[in-house]
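Worksheet: the structure to be examined is printed underneath.
The values are calculated or read from the model by the stated rules, or taken from the named source; none is laboratory data. Values in this document were obtained by computation on a predicted structure and should not be read as measured data. Positions of Cβ are generated from backbone atoms using ideal geometry, with glycine treated the same way; all protein chains shown enter the neighbour counts. SASA here: full protein model, heavy atoms, side chains in, ligands and nucleic acids out. Shrake-Rupley method; radii C 1.70, N 1.55, O 1.52, S 1.80 Å.
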Amino acid sequence: RTKLPLLVAVGFISTGAAFAPASSTRRTFVPLPTPSLALESPTNRQELYTRAVSARSWPKQLLSLSASRDDDASPESENNEEARRLQEKAQQLRDQIRDMESKIGEERRTRYNSEKDDEKNDDDANDDNKEKSLANKRVLILGANGRLGSMVTRNLLRSHPEVKEVVAAVHYVGQATTRGYGRLSYEVGAEDGVGTIGAAWSGEEERNASFQYDPEVMGGYNLDKLRLVEVELLDPVQVRTITEDVDAVIYCATDFEGNRPRAVASLNAAFLFRAVASPTKGRVEIEGVRNVLEGLVGNMGDKKWKERLEPGSSKSKNADPTQFILVSISPDAFGEFETPFGEFNGLKRQGERIVMEEFPSVSYCVLQMGKFDDNFVEEGQEPLYAVAEEDTVVVDGVVNAKRSSSSNDDGMQKRINRRDAARAAVDALLDDNLENKKVQVYTALRKTDIW
């Protein structure tokens, strides 16, 4: 029981040296005393055992001694000390920076925000100083094959050559797609070129009139900027297609001839068939207006996405024109006429309400034209504007228009020549005073023909 630990201790000590763990730079060997006592004597054994027990604590002492010597002499310890000094210095710099930011941070934020506000105010001032222009703009005219619509197309092409394109949308009715093309062709001057026409008894192709462009006569007509499209305004898909990339709309389309539906007024078979076959399909004055406005709003959303993808590509030196011009009718122009969809004036007022209330993101102008009179009212007069009267009443949940008590007290009626009305519709695109307003437009006062 005592010999084995002693032998181990003696064997450990008899090696003559103790090995200390190496440092990162060198190894240290410390010589140990070599025992010279014999194991046979009990006294010697007791002394040897005592030395062995005390020798068990030597390695720890040697290790601590060796480590202290290595740290004092190692270059790495000097590097560590230098790193600690640099870290302390960096921390001091960070503290100084934080202190400086806390002192000047609020002042800097205030100065930055004021600079941004100044830039924004400058941009707003520039926008306010911008004048509306049709330069590089695409304008859609609905009802371009009607009397007023064809004149609007003519006036826009000739008075604004800076326009990018005029899209003339004609009403599609079955196979009779040429209905009204003659009026539009005449108004825009397409028939002023060199024309040929065959005899009445000749073949169909020879019988049709054809015209060639004459630059000397038609050079200022700007027909190269005119594009014709056919559309059914009661079809939202078709309307969304024609409103693509459009900047402004002049809405002249109507289902009425005067205050009577076209199917009744002109005994038009195509309109009459549509009215009988699809009596609930809708009305151009209401559903048509809403479809166009929805298409225009969708087009505006697409433009915003393009602006985000291509910043700066849509910047213009001029302000945009008024986006939607609705040509309506003044309350004293026609008498009441009941239709399967409601009273004539009531339908007109419903369309006006859609423009003014349901699409706040669209800039508009509602023009209540006086009664059209091309025979007794001269053209070329300056249009006069009056505040639109509120003549709308609701009967059984349906919007109707009833003549106000003051409309015909003096027995006079507002009238206007169609060419002046067309000019007023085009001018409304660029008139800041008419934006987001509803006004009555006329050029003369005549005795009323409504009793």
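Being open to solvent by 80 Å² or more (accessible area, probe 1.4 Å) and either under 57 Å from the mean Cα position of the chain (by Cα) or touching a residue at least 12 places away in the same chain (Cβ under 8 Å) (or both) is the filter here; which residues of segment 77-98 pass it? Once the filter is applied, which keeps residues that are open to solvent by 80 Å² or more (accessible area, probe 1.4 Å) and either under 57 Å from the mean Cα position of the chain (by Cα) or touching a residue at least 12 places away in the same chain (Cβ under 8 Å) (or both), segment 77-98 yields Leu86, Gln87, Glu88, Lys89, Gln92, Leu93, Arg94, Gln96, Ile97, Arg98. Asp332 falls short on exactly one of the conditions (1) crowded, with 18+ Cβ neighbours inside 10 Å; (2) modelled with pLDDT under 80, and that condition is (2).
Entry remark, segment 319-372: residues being within 35 Å of the chain's Cα centre (by Cα) and among the small types (Gly, Ala, Ser) number 7 in total.
Does at least one position in segment 131-143 carry a residue that is at positive phi, modelled with pLDDT of 70 or more, open to solvent by 60 Å² or more (accessible area, probe 1.4 Å) and outside any helix (DSSP H, G or I)? Checked segment 131-143: at least one residue is at positive phi, modelled with pLDDT of 70 or more, open to solvent by 60 Å² or more (accessible area, probe 1.4 Å) and outside any helix (DSSP H, G or I). Reported count of residues in segment 346-373, each being in a helix (DSSP H, G or I) and either open to solvent by 10 Å² or more (accessible area, probe 1.4 Å) or among the aromatic types (Phe, Trp, Tyr) (or both), is 6.
For Val152, state whether it is at pLDDT 75 or above, within 30 Å of Val170 (Cα to Cα) and either touching a Gly at 6+ places or on another chain (Cβ under 8 Å) or in a helix (DSSP H, G or I) (or both). When the stated conditions are applied, Val152 passes them. For segment 335-372, a residue qualifies if it is in contact with a strand residue (DSSP E or B) (Cβ under 7 Å, 6 or more places away or on another chain) and farther than 23 Å from Ala248 by Cα, and the qualifying residues are Glu336, Phe337, Thr339, Gly342, Glu343, Phe344, Asn345, Gly346, Gly370, Lys371, Phe372. Pairing each residue of segment 407-419 that is among the hydroxyl-bearing types (Ser, Thr, Tyr) with any residue that is open to solvent by 30 Å² or more (accessible area, probe 1.4 Å) and modelled with pLDDT of 70 or more, provided the two are 6+ apart or on different chains, yields C-beta distances under 9 Å for Ser407/Glu389.
For residues in segment 166-220 being at pLDDT below 75 and charged (D, E, K, R), which is farthest from Ala253 (Cα to Cα)? Looking at residues that are at pLDDT below 75 and charged (D, E, K, R), I get Glu206.
Taken together, the criteria place Ala401 among residues that are touching a strand residue (DSSP E or B) at 6+ places or on another chain (Cβ under 8 Å), open to solvent by less than 10 Å² (accessible area, probe 1.4 Å) and at pLDDT below 90.
If you go through segment 150-172 and pick out every residue that is under 15 Å from Leu429 (Cβ atoms) and open to solvent by less than 10 Å² (accessible area, probe 1.4 Å), you end up with 7.
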